[in-house]
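The values are calculated or read from the model by the stated rules, or taken from the named source; none is laboratory data. Every value quoted in this text rests on a predicted model; they were computed, and no experiment measured them. Using ideal geometry, Cβ is built from the backbone for each residue, glycine included, and neighbour counts are taken over all protein chains shown.
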Amino acid sequence: MHRIFTVISLFFLSLFYMNAQDAFEYRTFVSAEGDSLNYRMISPENMKEKGKYPLVLFLHGAGERGNENERQLIHGSQMFLNPVNREKYPAFVLFPQCPQSGYWAYEGRPASFLDMPAEMEISRVFKALKQLLDSYIANPNVDASRIYIMGLSMGAMGTFDMVVRFPEVFAAAVPICGTVNPDRLAAAKDVKFRIFHGDADDVVPVECSRKAYRALKAAGADVEYIEFPGCNHGSWNPAFSTPDFMKWLFKQKK
């Protein structure tokens, strides 16, 4: 009986999850080079005709890659559907999906997360992503002084890469359990950072975020670092539960 109840409960939870995700519109962007990038998005509720609203770009992890335009919503999307958050923090929110064969900022998984490349060409996926972002920034309802980027794991690596390449675009960045070559970070010293990592991470070593924090501090950046004791790779869960997570993000401005 308990097993039947559990199966039924999971069934209804999955239905609720799928229905909730319907709030995110299905869209596909085609770059100038002809590359397609699937993404999902929501607009501010009760958007005013001449209103200005922030934009959040969310980059998922490696496990959510694909071509069905759904898996990227597994982590993080619900906090943007929370009715209290939608009311307090109206925003455009983009959830692009990295193709299965891609790795956001890199053409493939880096050989060592502790020894990331110092220089590289922008990936084809990121070329398309930047064009997608630019198309939204051109929207008169988007507040170009409040563009935010966040990501987890592979997406945090992409977050670091994107703000290093285009620091003039972003007011704030939230990389969660990610990594980057710290020598690159001086270029992003004018972007406000909040970095999260679990100290028991056995996928992306915690030293990756520690090095990033130290490099940003040395460059004079406005950076916070929050480390979760005993937390493995899924540090996005306690990160999203940080009481002022949304408040901190949406108060940032260029």
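Taking the stated definitions as given, is E70 acidic (D, E) and modelled with pLDDT of 95 or more?
Taking the combined requirement at face value, the residue satisfies it.
Regarding the stretch 141-155, can at least one residue be identified that is surrounded by fewer than 22 Cβ atoms within 10 Å (Cβ to Cβ), of a type in the set (S, T, N, Q), in contact with a strand residue (DSSP E or B) (Cβ under 9 Å, 6 or more places away or on another chain) and in a loop (DSSP other than H, G, I, E, B)?
Yes, the stretch 141-155 contains at least one residue that is surrounded by fewer than 22 Cβ atoms within 10 Å (Cβ to Cβ), of a type in the set (S, T, N, Q), in contact with a strand residue (DSSP E or B) (Cβ under 9 Å, 6 or more places away or on another chain) and in a loop (DSSP other than H, G, I, E, B).
Where residues in the stretch 117-140 are in a loop (DSSP other than H, G, I, E, B) and in contact with a Phe, Trp or Tyr (Cβ under 9 Å, 6 or more places away or on another chain), which of them is surrounded by the most Cβ atoms within 10 Å (Cβ to Cβ)?
S123
Could you please give the count of residues in the stretch 115-161 that are farther than 22 Å from T28 by Cα and of a type in the set (F, W, Y)?
1
Specify which of the listed residues (F245, F196) is surrounded by 22 or more Cβ atoms within 10 Å (Cβ to Cβ), among the aromatic types (F, W, Y) and at pLDDT 95 or above.
That would be F196, the only listed residue that is surrounded by 22 or more Cβ atoms within 10 Å (Cβ to Cβ), among the aromatic types (F, W, Y) and at pLDDT 95 or above.
Within the stretch 204-233, restricting attention to residues that are touching a residue at least 40 places away in the same chain (Cβ under 8 Å) and not in a helix (DSSP H, G or I), which residue is farthest from F160 (Cα to Cα)?
The selected residue is H233.
Within the group A221, A172, A156, which residue is of a type in the set (A, V, I, L, M), within 13 Å of the chain's Cα centre (by Cα) and under 20 Å from K251 (Cβ atoms)?
None of the other options fit; the residue is A172.
Take the residues of the stretch 237-254 that are touching a helix residue (DSSP H, G or I) at 6+ places or on another chain (Cβ under 9 Å) and not in a loop (DSSP other than H, G, I, E, B): which is nearest to F170 (Cα to Cα)?
Taking the candidates together, the pick is F250.
With (1) out of contact with any Leu (no Cβ under 7 Å at 6 or more places or on another chain); (2) under 21 Å from K50 (Cα atoms); (3) not acidic (D, E) as the list, and A105 as the residue in question, which single condition is left unmet?
It fails just one condition, (2).
Under 9 Å between Cβ atoms, at least 6 apart or on separate chains: pull out the pairs that start in the stretch 65-80 with a residue that is outside any helix (DSSP H, G or I) and end on any residue that is buried (at least 17 other Cβ atoms within 10 Å of the Cβ) and among the aliphatic types (A, V, I, L, M).
That search, which allows pairs on different chains as well, returns R65/M154; H75/L152; G76/M150; G76/L152.
For the stretch 190-203, how many residues meet the condition of being closer than 16 Å to V163 by Cβ and among the acidic types (D, E)?
1
Only residues that are free of Cβ contacts under 8 Å to residues at least 12 places away in the same chain and surrounded by 12 or more Cβ atoms within 10 Å (Cβ to Cβ): list them for the stretch 81-109, please.
Scanning the stretch 81-109 gives a single hit, N82.
Are any residues in the stretch 124-148 touching a residue at least 60 places away in the same chain (Cβ under 8 Å) and either of a type in the set (D, E) or closer than 19 Å to G234 by Cα (or both), and if so, which ones?
Listed by number, the list holds a single entry, D143.
Kindly list, by first and then second residue, each pair from a residue in the stretch 183-201 that is touching a residue at least 24 places away in the same chain (Cβ under 8 Å) and closer than 13 Å to P238 by Cβ to a residue that is surrounded by fewer than 16 Cβ atoms within 10 Å (Cβ to Cβ) and of a type in the set (S, T, Y), limited to pairs with Cβ atoms under 8 Å and residues at least 6 apart or on different chains.
Taking only residues 6 or more apart or on different chains, the pairs are F196/T242.
Quick check on my filter: what residues within the stretch 83-110 are part of a loop (DSSP other than H, G, I, E, B), of a type in the set (S, T, Y) and farther than 16 Å from V56 by Cβ?
Correct list: S101 only.
With respect to S235, is the statement that it is crowded, with 20+ Cβ neighbours inside 10 Å, of a type in the set (G, A, S) and closer than 13 Å to T179 by Cα true?
no
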